[in-house]
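A short worksheet on the structure shown next.
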Amino acid sequence: MRRKIIAGNWKMNKDHREGAALAKEIAAGLAAARTSCEIVLIPPFTTLPAVIDAIHGSAVKAGAQDLYFEDEGAFTGEISGRMLRALGCTHVLVGHSERRHVIGEGGADLSKKLRAALRNNLRPIFCVGELLGERESGRAFDVVTGQVRECCEGLEPEEFSRVVIAYEPVWAIGTGKTATTRDASDMHGIIRILLKELFGTAAADQTPILYGGSVKPESAADLLADVEIDGLLVGGASLKAESFLGIIPR
Ligand code: PEP
């Protein structure tokens, strides 16, 4: 059984004061309710220390939204995996669709970022997903498996065993359109077949594959009931304690 993971990507929202208040509210709500899921909050860099303080003593974990692929040096404006680990982060997003499509990051850099996360003992949440045109032209499976292969191929199975995959169709992120559970489940199944080919059955079977894209409390239960969907990466609905807590099964 893979433990379900619910991660909240706050994107560029919540300063350190707002973030501390939200993290405290979420941690308190979870303490009262109890869940078997692993919960990860992913605030902006400058909010991370306040969130890490706020969740201290709870089971909630903290992750970053990005990292640089070098550990230190003359890379003005960048933050390394080593720094994130020292701060107390356990997870880091790599290749979120906004990094790929708004900032313009490509596979070569994402490959290096994935390895930097693993080298620094962070659990990368590696995001993949197709554009609307790619889905409509029947290329979604090829695009997504291509993204996984491009960055994950060549990792040792032991390294790969710490990777979390998040399938996030780009057309579903922040748009209010959610993939059907069937579509998400089919894509997760295809990704898992590729993981078997690359890393063997044991590694593939234990890899969590999350779904992300306009998940709301109303759509979460159906998605989480699917055996192929090992958790959720939540954007907009993670910015309020009530809606984020409403997504987490008890
Ligand atoms: C995300 O940011 O990863 C995401 C899925 O956003 P939203 O839930 O707002 O679509």
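The values are calculated or read from the model by the stated rules, or taken from the named source; none is laboratory data. Since the structure is predicted, the reported quantities are computational estimates derived from the model, not experimental observations. Note: ideal-geometry Cβ built from the backbone for every residue, glycine included; neighbour counts use all protein chains shown. Remember, those area values only see protein heavy atoms, side chains included, never the ligands or the DNA or RNA. Shrake-Rupley method; radii C 1.70, N 1.55, O 1.52, S 1.80 Å.
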Hey, can you find the accessible area per residue of region 1-57 for me, probe 1.4 Å, expressed in square angstrom? 52
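Accessible area per residue of region 146-250 at 1.4 Å probe, in Å²?
On the way: 4140 Å² over 105 residues.
Heavy-atom SASA per residue in region 146-250 reads 39 Å².
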Return the distance in nm (one decimal) between the two label points of a simple spin-label model at M12 and R149, each offset 7 Å from Cα along Cα→Cβ. 3.5
Rank M1, M12, M187, M83 by accessible area, highest first, at a 1.4 Å probe radius? M1, M12, M83, M187
Which of the lysines could a cross-linker span from K113 if the Cα-Cα distance has to be under 26 Å and same-chain partners fewer than 8 positions apart are dropped? K4, K11, K14, K61, K196
Leaving ligands, DNA and RNA out of it, report the carbon-plus-sulfur percent of the accessible area of the chain at a 1.4 Å probe. 53
Contour minus Cα-Cα span, S36 to L87, at 0.36 nm per residue, comes to 15.8 nm
Ratio of region 161-218's C-alpha Rg to 2.2 N^0.38 Å, to two decimals? 1.22
With 5 Å bins from 0: P(r) over region 16-159, alpha-carbon pairs, percent: 2, 10, 17, 18, 17, 14, 11, 8, 3, 0
Mind checking the dipole of region 211-250: about its Cα centre, +1 per Lys or Arg Cβ, -1 per Asp or Glu Cβ, Debye to the nearest 20? 220
Give me the base-10 log of I(q)/I(0) for the chain at each q in 0.11, 0.12, 0.14 Å⁻¹, Debye formula, one uniform scatterer per Cα, rounded to two decimals. -0.53, -0.64, -0.89
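Excluding A241 itself, what net charge comes from residues whose Cβ is under 13 Å from its Cβ, given Lys and Arg +1 and Asp and Glu -1?
0
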